[in-house]
1. Whole-Å semi-axes of segment 63-165's equivalent ellipsoid, largest first, each the root of 5 times a Cα gyration tensor eigenvalue?
2. Write down the Å³ per residue value for the convex hull defined by the alpha carbon atoms of segment 1-65.
3. Write down the Å³ per residue value for the convex hull defined by the alpha carbon atoms of the chain.
4. Taking every Cα atom in segment 1-113, find the radius of gyration and the maximum pairwise distance Dmax, and write them in Å.
5. Under the definition of Cα pairs under 8 Å and six or more residues apart, what whole-number percent is the relative contact order of segment 62-120?
6. Can you tell me the relative contact order of the chain? Whole percent, Cα pairs under 8 Å, sequence separation 6 or more.
7. Quick one: LYS186, LYS79, fewest Cβ neighbours within 10 Å first, how do they rank?
8. Over 23 Å between Cα atoms: which of LYS79/LYS102; LYS30/LYS100; LYS72/LYS135; LYS30/LYS102; LYS9/LYS203 fall into that group?
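What follows draws every value from the coordinates through simple rules; no lab data is involved. Just so you know, these numbers come straight off a predicted model, no measurement behind them. When we count neighbours, we look across all protein chains shown, and the Cβ atoms used for this are built from the backbone with ideal geometry, even at glycine.
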Amino acid sequence: MGSTAVEFKNAATSTLLELVKNRRTYYGLKGESPISDDAIERIVQDSVLHVPSSFNTQTSRVVLLLKEEHQKVWDIAIKAIEGLVAAGHVPKESFETSTKPKLESFRAAYGTVLFFVDYESLAPIKEKFAIYADKFDPFALESNAMSQYFVWLALESEGFGANLQHYSPLIDEEIAKTWGLPASWKLDAQLVFGTPTSEPGEKAVRSY
Ligand SMILES: Cc1cc2nc3c(=O)[nH]c(=O)nc-3n(C[C@H](O)[C@H](O)[C@H](O)COP(=O)(O)O)c2cc1C
């Protein structure tokens, strides 16, 4: 599938598919940006405003952090895992040789987008459509993932590299405290981005 040449009516479709094919996970990132901070903000804003959500519930929340503010996220993660090391839950050796350098590599990037879901805001609609009540939380997460993907794609389209991380719930409390976020915002993912310093790894694509 997908190997025959096809023609699209709209050239933007080919461009879009090229972006989809070229999006990768970049771990080697530095703290420089190929575009203005305003352009980054526009990408993130549009991802929240225009990505769909079930029943148009608009449950996604994002926080865009750049430079020193971005570095704070990864200082929080390092501190949280240092706490686990001190408590004997994580071996010191693997933290020093693997986890800490990885977290420091995220810190060396330009920015992080924090993606949250406001599940509490779904209470009225769960009551209204009781038959679907158990569907709304997964729908909200699916919508959030769409925003994550869109931002990842758009940032890489502009010359960034990015990788998607999940350090929740370890960092949740400190993140909420540091940026004064509402208690109802549940952190899902952290998208780290910066100017690439290395190519992504090899990736096998399965064909069915
Ligand atoms: C839902 C989801 C969760 C992921 N979580 C992580 C993660 O926690 N840490 C990480 O380094 N990569 C994470 N990734 C990245 C995947 O490992 C990566 O996308 C996959 O290996 C394919 O590589 P590619 O992104 O270069 O195409 C995640 C990707 C998805 C879609």
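1. Equivalent ellipsoid of segment 63-165: 32, 21, 11 Å, largest first.
2. Cα-based convex hull of segment 1-65, divided per residue, equals 186 Å³.
3. Convex hull volume per residue, Cα atoms: 180 Å³.
4. 19.5, 60
5. 62 percent
6. Result for the chain is 35 percent.
7. If I rank by nearby Cβ atoms, fewest first, I get LYS79, LYS186.
8. The pairs that break the limit, which is 23 Å between Cα atoms, are LYS72/LYS135; LYS9/LYS203.
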